[in-house]
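*Asks:* There's a structure below that I have some questions on.
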Amino acid sequence: VPANNLVPALPLVKPSVVAVGTELPTRTPPVNLGGSGFAVGDGLYIVTNAHVIPPLLDIANQERIGVMIAQGAVKKFRYAKIAQVDTTHDIALLRLEGEPLPTVQLGDSDTLVEGQALAMTGYPIGMALQQMVTHRGIVSSVITSAVQPPTAGNLTAGAIRQLRDGPFVLLQLDATAYPGNSGGPLLDAESGQVVGVISMVLVKGTRESALTHPSGISYAVPVQYLSALIKGS
């Protein structure tokens, strides 16, 4: 697929893409961004990874979840609340306060095949860069993720649900992603439609080494699972 096919698509997608994190007034700096996200539905739903949302917030010191929105050189942090979480497929929906954002167009992940050209865009290094970056790659493999059976010590409601739902599909990508890309959109390189959510980056060694020596291998959750979560909201 010619690289210039992305040129008309990216300006339509980028206004929908945000950085996701928390704001804590007593912290320096107050805003800490841990991943990426994008607007869907009515423009007030933000998609990200479940693992990007902190398991605990410092409620006593008024820590709140939200997204950083870039409008030219101006960056604004807006608060959001958790609407839906699907830990099995590592996706979550946040409900944004205030005015709606432009939304992405969701595609059909069931038609993806090995070798298909894709792109990802998001905030790969969070607060360190504060700039949206786009990378290209291909579907290197469509794999079935086996669900690990729970032991007696971790037989939680979530583990039981995973067993009931069974294995699910993951997209392995031949693309350079970084930890901050998690939750960002995976785009069909030709149409610009979102066909997945970046979920995992293969890290060799420490998290820090992922920035200086990226593996070039990442994974995404097909958008079919996101569509099911949106219908439940």
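*Asks:* Residue by residue through the stretch 48-53, which ³J(HN,Hα) values in whole Hz follow from phi under the Karplus form 6.51 cos²θ - 1.76 cosθ + 1.60 (θ = phi - 60°), with glycine and proline marked x?
*Replies:* Rounded to whole hertz, the list is 8, 7, 4, 6, 6, 7.
*Asks:* Label the stretch 1-126 by shape, choosing from rounded, prolate and oblate, from the square roots a ≥ b ≥ c of the eigenvalues of the Cα gyration tensor; if a/c is under 1.5 it is rounded, and otherwise prolate applies when a/b is larger than b/c, oblate when it is not.
*Replies:* Prolate, because a/c is 1.5 or more and a/b exceeds b/c.
*Asks:* Right, something else. Expected output is a single nm value to one decimal: the length gained when fully extending between Glu114 and Leu12, i.e. 0.36 nm times separation in residues minus the C-alpha distance. What is it?
*Replies:* Gain on stretching Glu114 to Leu12: 34.1 nm.
*Asks:* Got the relative contact order for the stretch 57-116 handy, in percent, Cα pairs under 8 Å and 6 or more residues apart?
*Replies:* Relative contact order for the stretch 57-116 comes out at 20 percent.
*Asks:* Rank-order 25-31, 60-66 by packing density, defined as the average count of other C-beta atoms within 10 Å over each peptide's residues, highest first.
*Replies:* Answer by packing, highest mean first, reads 60-66, 25-31.
*Asks:* Here is a follow-up. Run a plain Debye calculation on the stretch 1-67 (Cα atoms as equal point scatterers, no solvent) and give log10 I(q)/I(0) at q = 0.15, 0.18, 0.24 Å⁻¹, rounded to two decimals, same order as the q list.
*Replies:* The Cα Debye sum returns log10 ratios of -0.59, -0.75, -1.03.
No lab work stands behind these numbers, since they all come straight from the coordinates. Please read these numbers as outputs of a predicted model, since none were measured by experiment. Methodologically, a virtual Cβ is constructed for each residue, glycine included, from the backbone with ideal geometry; neighbour enumeration extends over all protein chains shown.
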